[in-house]
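Undergrad: My questions will all concern the structure given below.
The values are calculated or read from the model by the stated rules, or taken from the named source; none is laboratory data. Everything quoted here is computed from the prediction, not taken from an experiment. Glycine also receives a Cβ, built like all others from the backbone with ideal geometry; neighbour counts cover every protein chain displayed.
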Amino acid sequence: MEREIRVMDDLSSLSEEWDAYVAQQPEATFFHTMGWQRVIDRCFSYRPVRLAAMENGKITGVLPAFVTPQLPFGRAMISSPLAVYGGIAADDEATRQALLAAGQKQADDRRVRYLEMRNVEPVGDMPVKELYVTFRREISGDHEENLAAIPRKQRRMVRQGEKKGLTSEIGGAEFLDGFYDIYSGSVRNLGTPVFPKKLFRALLDEFGDGCKILAVFHEGKMVAGVMTFFFRDQVLPYYGGALKEAFKLTVNDFMYWQLMCHAADEGYRVFDFGRSKQDTGPYRFKRHWGFEPEPLNYQYHLVTMREMPDMSPKNPKFSMAIELWKKMPLRLTQWIGPSVVRYFP
């Protein structure tokens, strides 16, 4: 039977079949799920472009994408916005190429600036931006074994938090307000606009036990937190932050160790530390934990642009805005940030 590429504008169309396919497809990620797409639909005014390859009535490949606005004008098509991973998940090379061609045609027809594919492995001959790496490693069900895999100097930092009186709890919506204030402050300090609180509430509502907040406390006060996704055998700490005054308590090492212990106890076997820009503070932090960087092959099909976009904070044209943002009051950034961040998906 001839392969069919179906464009799904309706979230309810083939939703169960899509998720069943993603659940068993090795190339698919948490960010390929319909749940992630429903949250993006609910919280942002992006236009979905979902492509499914069909053979004999069954899905053999998927490409989730959204059309997003760009500054100062124009649009881009991204697979997938707000996500570390995206692009095509397919059963074979022929299906992969068919979905790539269909995605490029959608971008061409919509006259967007470019199509961005957030791939782990490259697809086709599109240009690659070598900006990001990811950090993933298998973990054991034995805490001592996991601790031994962390280099000695960092092991000491992990142990310091407990000695200094830090404690942790795993929960959900009951920690959202405290988590959001801490996370907002952390991204403000980096000069980055914060996502709206409704995004985090929607993630908790959509994924249930597949999305939790690990909160860290010191003397009864929440001082750090990380919103984490659980998918198949993987644990993905995704949105995290800590109060500056808690850094002296080695709070980040304590937080991620507590999360690793929780994940190990629950049977998860891959710890995904997520994306970092090369040679940055987060990059070095993850290296110190003994994780090795894995290149992310973000690829671009250019439509109306002539060069690959540079939305990195390292881009000099953003430097003045970043420094100004760092000096703004937290509540003001929480108010303005959600209106700005939609242009940086």
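Quick grid of which residues meet (1) crowded, with 19+ Cβ neighbours inside 10 Å; (2) over 19 Å from Glu121 (Cβ atoms); (3) not acidic (Asp, Glu):
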| site | (1), (2), (3) |
| --- | --- |
| Ser276 | yes, no, yes |
| Pro282 | no, yes, yes |
| His288 | no, yes, yes |
| Glu294 | no, no, no |
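Undergrad: Can you name every residue in region 15-40 that is among the polar types (S, T, N, Q) and either outside any loop (DSSP other than H, G, I, E, B) or more than 23 Å from Phe200 (Cα to Cα) (or both)?
TA: Taking region 15-40 as the starting set, the residues that turn out to be among the polar types (S, T, N, Q) are 15, 24-25, 29, 33, 37.
Within region 15-40, Ser15, Gln24, Gln25, Gln37 qualify.
Undergrad: For a quick check of your reading of the model, give me the residue pairs whose first member lies in region 19-46 and is farther than 19 Å from Ala89 by Cα, whose second is assigned to a loop (DSSP other than H, G, I, E, B) and polar (S, T, N, Q), with beta-carbon atoms closer than 8 Å and at least 6 apart or on different chains.
TA: Once the first residue is farther than 19 Å from Ala89 by Cα and sits in region 19-46, its partners that are assigned to a loop (DSSP other than H, G, I, E, B) and polar (S, T, N, Q) give Ile40/Ser80.
Undergrad: On to the next question. Among what's in region 315-345 and is loosely packed, with under 13 Cβ neighbours inside 10 Å and within 22 Å of the chain's Cα centre (by Cα), pick the residue that is modelled with the lowest pLDDT.
TA: That would be Asn315.
Undergrad: Let me ask something else. For Gln299, work out the one condition from (1) closer than 24 Å to Arg342 by Cβ; (2) surrounded by 19 or more Cβ atoms within 10 Å (Cβ to Cβ); (3) touching a helix residue (DSSP H, G or I) at 6+ places or on another chain (Cβ under 8 Å) it doesn't fulfil.
TA: Failing condition for Gln299: (3).
One line per residue, one yes/no per condition, for (1) over 20 Å from the mean Cα position of the chain (by Cα); (2) assigned to a helix (DSSP H, G or I); (3) modelled with pLDDT under 95; (4) assigned by TED's automatic domain parsing to the domain that holds Tyr239:
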| site | (1), (2), (3), (4) |
| --- | --- |
| Pro64 | no, no, no, no |
| Ala76 | no, no, no, no |
| Asp109 | yes, yes, no, no |
| Glu116 | no, no, no, no |
| Glu121 | no, no, yes, no |
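Undergrad: Sort through Arg96, Arg6, Arg47, Arg42 and tell me the only one that's crowded, with 18+ Cβ neighbours inside 10 Å, charged (D, E, K, R) and on the phi < 0 side of the Ramachandran plot. Break it down into steps so the answer makes sense when it comes.
TA: Values: Arg6 fails: crowded, with 18+ Cβ neighbours inside 10 Å; Arg47 fails: crowded, with 18+ Cβ neighbours inside 10 Å; Arg42 fails: crowded, with 18+ Cβ neighbours inside 10 Å.
Just one listed residue meets the conditions, Arg96.
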